[in-house]
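What follows is one structure encoded as structure tokens, with my remarks underneath.
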Amino acid sequence: MFTGKINKLVRQRGFGFISATDGREIFFNQKDLVGIRFDELDEDLKVEFQVEKTPKGPCAFDIHVVKAVTI
């Protein structure tokens, strides 16, 4: 599982990019979100995700929002 934050959203087309903590820009599609709708996303939102290799480059899937822990 990787972590990062939402870097860019292309709302009218239903996709975006995640800035992974390792410095990579990872493409994602709205269909790969789990537990949140695409229209609820904001840039800089922290996420966890898996990555698969595709002919066009790495693609994120199984994307979950990281919940803030309060003590």
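All of the numbers you see were taken from the coordinates with simple rules; none came from a lab. No experiment lies behind these values; they were computed from the predicted model shown. Every residue, glycine among them, receives a Cβ derived from its backbone with ideal geometry; neighbour counts consider all protein chains shown.
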For LEU45, the net charge from surrounding residues (Cβ-Cβ under 15 Å; K, R +1; D, E -1) works out to -1
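Let me know the number of lysine pairs in the chain closer than 13 Å at the Cα, not counting same-chain pairs under 8 apart. It would help to have the intermediate numbers written out before the result.
Numbers: LYS5/LYS46; LYS5/LYS67; LYS8/LYS46; LYS46/LYS67.
Total qualifying Lys-Lys pairs in the chain comes to 4.
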Output for the range 4-70: GluC sites (Glu not before Pro) sitting in coil per DSSP, at most 12 other Cβ within 10 Å, listed by number, reads GLU43
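List the trypsin sites (Lys or Arg not before Pro) within the range 20-60 that fall in a DSSP loop (any state other than H, G, I, E or B) and whose Cβ has at most 11 other Cβ atoms within 10 Å.
On the way: sites: ARG24, LYS31, ARG37, LYS46, LYS53, LYS56; in loops: ARG24, ARG37, LYS56.
Qualifying residues, ordered by number: ARG37, LYS56.
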Of (1) 5.0; (2) 4.4; (3) 5.6, which is the value of mean projected area of the Cα convex hull in nm² derived from the coordinates here?
(1)
